1. Within region 32-59, which residues are of a type outside the set (Lys, Arg), open to solvent by 20 Å² or more (accessible area, probe 1.4 Å) and either part of a strand (DSSP E or B) or within 21 Å of residue 73 (Cβ to Cβ) (or both)?
2. For the structure I just gave you, tell me whether residue 172 is at pLDDT 90 or above, of a type in the set (A, V, I, L, M), open to solvent by less than 10 Å² (accessible area, probe 1.4 Å) and under 18 Å from residue 259 (Cα atoms).
3. Test residue 246 against the criterion of being at pLDDT 65 or above and surrounded by fewer than 19 Cβ atoms within 10 Å (Cβ to Cβ), and give yes or no.
4. Out of (1) closer than 23 Å to residue 213 by Cβ; (2) assigned to a loop (DSSP other than H, G, I, E, B); (3) open to solvent by less than 40 Å² (accessible area, probe 1.4 Å), the odd one out for residue 104 is which?
5. Filter region 116-139 down to the residues that are over 21 Å from residue 48 (Cβ atoms) and exposed (fewer than 14 other Cβ atoms within 10 Å of the Cβ) and list them by number.
6. Tell me whether region 90-98 contains one or more residues that are small (Gly, Ala, Ser) and surrounded by 15 or more Cβ atoms within 10 Å (Cβ to Cβ).
7. How many residues does region 60-79 hold that are over 20 Å from residue 24 (Cβ atoms) and surrounded by fewer than 19 Cβ atoms within 10 Å (Cβ to Cβ)?
8. Conditions first: (1) within 23 Å of the chain's Cα centre (by Cα); (2) part of a strand (DSSP E or B). Residue 72 passes all but one, so which condition is the exception?
Amino acid sequence: MREQFCESVATEVVVHDAFSLYPGMQVNELPEGLQNLVGRCNLVISELLGCFGDDEFLPELTVTMCNLFHKPGGISIPESWESYLVPVQTFNMDAFLRNAKRSYESTYTTGLPEDGVFLAEPRLAWKGSCYSYGGSFLGLLEFPHTPFMLRTKSGRQKTVLSNSEFLLHGLLGYFKAFLYKDIFIDTRHSSPLRNSFHWECFYLPLKTPVRLPVYEEGDEGHVVVCVAIMRHCRQIFQNAAAVSSSSIRRKCLKLHYAWSVSRCGTVSVFSSCTMKGSGVYLHYSL
């Protein structure tokens, strides 16, 4: 790598073994071989985008990396992200979770359910920057009930469904990430700007489905699905673990989602889940 990239990319290329990074990491906690690189980098590139944008601890870790290694005015790729939610009816996913006895207090990565009905257009839940971390994120969303199905094999054609009663089984999550200037990634199935097919959907199930009234074309705004969702991440501690042949006490992350769904002002369902991470190991070049 030094021979191939040193002249064209930088005056110095450092390849370091993987190490455990956690939010708020201080200079003296870095591996010794990286401490002299603090504040010397023009560019930090990370691939921590999850299906919901920030569900793999994106802001907590990229902000730490930027604070440690950026020169003043340094660039982060990605720069920022937006997380989107859409209420969905999917009997297939609900049946799978029940038959497999899977937890309704977890989130799942899934493709677009074959029987999935979007009960509204996706809405922005929250957005964040990879340069600064804002702590907890709280989204209050209203979805006018306008159900449709997607025919993804025929140009994402939407088929509006009317004169039918629907069940809200859960929420599908997507993201849009801004990499650099006007370059972005958009994973939303219903978006005409969708340009990424690597990430799947982020599914937040409801243990008790919410029954919605019959939708008739022209009823837009007559029934509104309200979603309150909170994201909160905090540090936890685990026992000593072997990392790169050395025993350290490792700080880890716990990411908590909680959401409530209501219709006509009455709370119908409350759900929550916790995702634990055992540290994030990065193998990278500076």
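The values are calculated or read from the model by the stated rules, or taken from the named source; none is laboratory data. Treat the numbers as computed from the prediction; the structure is a model and nothing was measured. Heads up, the Cβs are rebuilt from the backbone with ideal geometry, glycines too, and the neighbour counts pull from every protein chain shown. The area values use the complete protein model at the heavy-atom level, side chains included, leaving out ligands, DNA and RNA. Shrake-Rupley method; radii C 1.70, N 1.55, O 1.52, S 1.80 Å.
1. Those that are of a type outside the set (Lys, Arg), open to solvent by 20 Å² or more (accessible area, probe 1.4 Å) and either part of a strand (DSSP E or B) or within 21 Å of residue 73 (Cβ to Cβ) (or both): 36, 38, 39, 42, 43, 45, 46.
2. Numbers: at pLDDT 90 or above: yes; of a type in the set (A, V, I, L, M): yes; open to solvent by less than 10 Å² (accessible area, probe 1.4 Å): yes; under 18 Å from residue 259 (Cα atoms): yes.
Yes; evaluated as a whole, the condition is true for this residue.
3. Working: at pLDDT 65 or above: no; surrounded by fewer than 19 Cβ atoms within 10 Å (Cβ to Cβ): yes.
For residue 246, the condition - at pLDDT 65 or above and surrounded by fewer than 19 Cβ atoms within 10 Å (Cβ to Cβ) - is not met.
4. (1)
5. Taking region 116-139 first, the residues over 21 Å from residue 48 (Cβ atoms) are 116-123, 138.
Within region 116-139, just 138 meets the criteria.
6. Within region 90-98, the first condition is being small (Gly, Ala, Ser), and the residues that meet it are 95.
Cutting the leftovers down to surrounded by 15 or more Cβ atoms within 10 Å (Cβ to Cβ) gives us none.
For region 90-98, residues small (Gly, Ala, Ser) and surrounded by 15 or more Cβ atoms within 10 Å (Cβ to Cβ): absent.
7. 6
8. In the conditions (1) within 23 Å of the chain's Cα centre (by Cα); (2) part of a strand (DSSP E or B), residue 72 misses (1) alone.
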